[in-house]
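*Asks:* Next up is a structure, given as structure tokens.
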Amino acid sequence: MSDESGAIRKLILQAQRGDQQAMAAIYETHVDRIYRYIVYRVGSESDAEDLTAEVFLNMVAGLPNYEVTGAPFEAWLYRIAARRVADFYRQRGRLKESDLSENLVGSAAQPEEQMLEQQEVAELHAALGQLSEDEQQILILRFVERKSHQAVADILDKQVSAVKTAQYRALRRLSGLLGSESKARHYLRGNDD
Amino acid sequence: MTDDQANASELADRLDNALPPGRNAPIHADDHPSVQAALRLANAPQLTLATGKKAQLLSQVLAAHGKTVPAPRTYRIPPKTPLLLAVASVVIVIVVVLLVILPALNSTSDDPGEELVVEPSTSTPVHTLTTTPIPTTVVPSGVETEEITSAPPTDTAPVETTPEATEDPNPAEIVIVGPVSEIRDNVIVIYDFEFILEPSHPLLTVVRLNDVLRIEGDIEEQDDSFIIIAIQVTAISTDIYVGDDFAWRDSGNCQNPPPPQAPANGWRARCGGSGGGNGGGSGSDS
């Protein structure tokens, strides 16, 4: 077991005993990556904030029964997050994931850089939304979080070869989607392509 | 290997070269369309939860955490305890007679000339908690008494009886032997009984859940309930040892030898020798 996973394991055991500092440390370690994962899945920062809160409250509720095994702790968190995202879409009435990217349109008063950032997130979210849940998870973990094939396989409980195959298909589709969006954007702006 | 698998493997290698794992790993150019799509994801905004929101959520998480740690049962002694104690004592005597003495008498009925020997049954230990005859003892209501005295817990660690009052001028009022089910600061919980230790007690530096301990304690009244103050703690688990002012825990290697008086069966079997030192302090976690 690596030093990092050993440290997390120790924190988990301490948190299960009621140690609030350990719980806070677990939260600080994972909150941003879970938030990022959810933002790129749902396309709205405000919704992502609410869903992130639900993930960690679910974590607290389930922690007494959590058993430290060979699987990484964050695998459990990502599973909770994926379920919350799925529930989110069910409650929204099965809207296509790409339809929600309009939530990220910023106001004219925001700095330009922030607007560009939001636009980029919206475009990526819209493209990712066309992929399956598995493919979205693999691409976000691999490239937004920069995890290795093995780490992603451990988190998703898959074989490395399966991760590579799904990654290959997902990136082929994503490159086509991003390419079409880019063309559409240029067309709407009146640029010749 | 299918074409897809071969292509996937080749793409994976290209990606590992262009986008090695690690948030701070350098990125290298590659004009493959799939790698370009991956690069766009890698260069996507690294969004983080706003500081205020993060702190607010942390408060919610910690508040929820404080509520989910299960509170052990605390026994509140009803006013009519002496009467209930007397009834419970009678019931216990009757049960012992029915389960132990009568079968022993029946087994010797064919040979009335033999000496009658009554031996307590050892195959099914009765987990009976008894205390010295103090009117206000930790004996709960009738229902709870039945739960404790007649239904053996799943763990087989026995509950010992207290010594006779005439043998020890200051006998402990309660003795429990069992596994630690919860640790909260200086409170140790065994079989839902909370034992309060001195905050500086050395045991607190090494104890873990499921360690088997023998704790003798005194009962003190507090408002409408009773608390148990631990006065003597002995480790039954042999990978820990509790001295007067120090404690030792087997760290899983041979770096932290136990004191000579500690059983430390696991350490001695693993590392040989008799250990050393008068107090190794608390061992590191394995």
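*Asks:* Scan segment B:230-250 and give yes if some residue there is modelled with pLDDT under 85, touching an Asp or Glu at 6+ places or on another chain (Cβ under 7 Å), over 17 Å from B:His201 (Cβ atoms) and of a type in the set (Gly, Ala, Ser), otherwise no.
*Replies:* no
*Asks:* Tell me yes or no: at least one residue of segment A:110-121 is assigned to a helix (DSSP H, G or I) and touching a helix residue (DSSP H, G or I) at 6+ places or on another chain (Cβ under 7 Å).
*Replies:* yes
*Asks:* Answer with yes or no whether B:Glu194 is acidic (Asp, Glu), modelled with pLDDT of 80 or more, more than 26 Å from A:Lys10 (Cβ to Cβ) and touching a strand residue (DSSP E or B) at 6+ places or on another chain (Cβ under 6 Å).
*Replies:* no
*Asks:* Considering only residues of segment B:1-11 that are part of a helix (DSSP H, G or I) and modelled with pLDDT under 90, which is most open to solvent (accessible area, probe 1.4 Å)?
*Replies:* Step by step, filter segment B:1-11, then rank; the result is B:Asp3.
*Asks:* Which ranges mark the strands (runs of 3 or more DSSP E) fully within segment B:175-229 that have 1 or more residues being in contact with a helix residue (DSSP H, G or I) (Cβ under 9 Å, 6 or more places away or on another chain) and crowded, with 19+ Cβ neighbours inside 10 Å?
*Replies:* Hits in segment B:175-229: B:187-190, B:212-222.
Table: residues versus (1) open to solvent by less than 40 Å² (accessible area, probe 1.4 Å); (2) more than 7 Å from every other protein chain (Cβ to nearest Cβ); (3) modelled with pLDDT of 85 or more; (4) assigned to a helix (DSSP H, G or I).
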residue: B:Asp13; (1), (2), (3), (4): no, yes, yes, yes
residue: B:Pro20; (1), (2), (3), (4): yes, yes, yes, no
residue: B:Ile27; (1), (2), (3), (4): no, yes, yes, no
residue: B:Ala37; (1), (2), (3), (4): yes, no, yes, yes
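*Asks:* Next up: Among the residues of segment A:124-160, what is the count of those that are of a type in the set (Val, Ile, Thr) and either touching a Gly at 6+ places or on another chain (Cβ under 9 Å) or more than 9 Å from chain B (Cβ to nearest Cβ) (or both)?
*Replies:* Selection size over segment A:124-160: 3.
*Asks:* If you check A:Val121 against the conditions, is it under 14 Å from A:Ala75 (Cα atoms) and within 11 Å of chain B (Cβ to nearest Cβ)?
*Replies:* In short, no.
*Asks:* On to the next question. When you look at B:Val207, is it on the phi < 0 side of the Ramachandran plot, within 14 Å of chain A (Cβ to nearest Cβ) and touching a residue at least 60 places away in the same chain (Cβ under 8 Å), yes or no?
*Replies:* no
*Asks:* In contact with a Pro (Cβ under 6 Å, 6 or more places away or on another chain), open to solvent by less than 40 Å² (accessible area, probe 1.4 Å) and either modelled with pLDDT under 95 or farther than 17 Å from B:Ala37 by Cβ (or both): is that true of A:Ser148 in this structure?
*Replies:* Criteria met by A:Ser148.
Yes/no matrix, rows are residues, columns are (1) more than 12 Å from chain B (Cβ to nearest Cβ); (2) surrounded by 19 or more Cβ atoms within 10 Å (Cβ to Cβ); (3) polar (S, T, N, Q):
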site: A:Gln20; (1), (2), (3): no, no, yes
site: A:Val31; (1), (2), (3): no, yes, no
site: A:Ile34; (1), (2), (3): no, yes, no
site: A:Ile38; (1), (2), (3): no, yes, no
site: A:Asp50; (1), (2), (3): no, no, no
site: A:Gly62; (1), (2), (3): no, no, no
site: A:Asn65; (1), (2), (3): no, no, yes
site: A:Gly70; (1), (2), (3): yes, no, no
site: A:Arg83; (1), (2), (3): yes, no, no
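*Asks:* Count, please, the residues in segment A:66-105 that happen to be polar (S, T, N, Q) and either closer than 24 Å to A:Val152 by Cα or modelled with pLDDT of 90 or more (or both).
*Replies:* Residues that pass the stated criteria total 1.
The values are calculated or read from the model by the stated rules, or taken from the named source; none is laboratory data. Worth saying up front: this structure is predicted, and the values here are computed from it rather than measured. Every residue, glycine among them, receives a Cβ derived from its backbone with ideal geometry; neighbour counts consider all protein chains shown. Each accessible area value is taken on the protein alone, full model and side chains, heavy atoms only, with ligands, DNA and RNA left out. Shrake-Rupley method; radii C 1.70, N 1.55, O 1.52, S 1.80 Å.
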